[in-house]
Amino acid sequence: MSHFDKVKDYLLELDYSIVKEDKENEVFIIESLEDGIQNVLIGIADPILIIEQYLFDLTANVGEVAKALLVKNRDIVHGAFVMDEEGTKVIFRDTLQVESLDLNELEGSLTSLSLLLSEYTDEIITYSKN
């Protein structure tokens, strides 16, 4: 079974909606509105699986917000807050080894994102308005 098919099977078993899939580029866009997850990118770049969720644009108080996000990273079980190359977009990102990936590992990363979004919503909204 290919990595793409394995990941797709896991996503379906975990009841995520696959909004878009591109087998050639090994990319999925998934959502679970009840978990607060929308437009999550899952890409396979062998040997890793990349999970990314765009959160907000960073336009003001960059140093203050970046510091707060770095402090919060200590509490996140799987994944972390990151910025894009320009330093203007804040993204949740996690990477996993695709070769040994199992259902529990993928579920843990996606649950971590869901928990982060539910517990840190007020702060994310505040940062996105700056």
Identify all residues within the stretch 94-105 that are closer than 13 Å to GLU52 by Cα and among the hydrophobic types (A, V, I, L, M, F, W, C); write none if there are none. LEU96
A careful count of residues in the stretch 67-89 that are under 21 Å from ASP35 (Cα atoms) and surrounded by fewer than 14 Cβ atoms within 10 Å (Cβ to Cβ) gives 3
Being more than 24 Å from SER17 (Cβ to Cβ), part of a strand (DSSP E or B) and of a type in the set (A, V, I, L, M) narrows it down to one of VAL71, VAL82, so name that one. VAL82
If GLU64 satisfies every condition in (1) of a type outside the set (Val, Ile, Thr); (2) within 22 Å of HIS3 (Cα to Cα); (3) surrounded by fewer than 18 Cβ atoms within 10 Å (Cβ to Cβ) but one, which is the exception? (2)
On the given criteria, is SER118 modelled with pLDDT under 95, in a helix (DSSP H, G or I) and within 16 Å of SER32 (Cβ to Cβ)? yes
Residue check, MET83 against (1) touching a residue at least 24 places away in the same chain (Cβ under 8 Å); (2) closer than 24 Å to LEU12 by Cβ, all met but one. Which one? (2)
Of the residues in the stretch 3-51, how many are assigned to a helix (DSSP H, G or I), aliphatic (A, V, I, L, M) and either closer than 13 Å to LEU103 by Cα or touching a Pro at 6+ places or on another chain (Cβ under 8 Å) (or both)? 3
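Kindly indicate the residue of the stretch 90-115 that is in contact with a Gly (Cβ under 8 Å, 6 or more places away or on another chain) and either basic (Lys, Arg) or in a strand (DSSP E or B) (or both) and also surrounded by the fewest Cβ atoms within 10 Å (Cβ to Cβ) among those meeting that condition.
Result: ARG93.
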For VAL7, indicate whether it is more than 13 Å from the chain's Cα centre (by Cα) and either aliphatic (A, V, I, L, M) or closer than 17 Å to THR126 by Cα (or both). yes
Among all residue pairs at least 6 apart or on different chains, which show Cβ distances below 8 Å where the first residue, located in the stretch 3-30, is on the phi > 0 side of the Ramachandran plot and without any contact (Cβ under 8 Å) to a residue 24 or more places away in the chain and the second is buried (at least 18 other Cβ atoms within 10 Å of the Cβ) and in a helix (DSSP H, G or I)? GLU26/PHE4
Here is a list of conditions, (1) under 25 Å from ASP122 (Cβ atoms); (2) surrounded by 15 or more Cβ atoms within 10 Å (Cβ to Cβ); (3) aliphatic (A, V, I, L, M), and LEU33 meets all of them except one; can you say which number that is? (2)
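The values are calculated or read from the model by the stated rules, or taken from the named source; none is laboratory data. Since this is a predicted model, take the numbers as computed values, not measurements. Note that we place each Cβ from the backbone using ideal geometry, even for glycine, and neighbour counts take in every protein chain shown.
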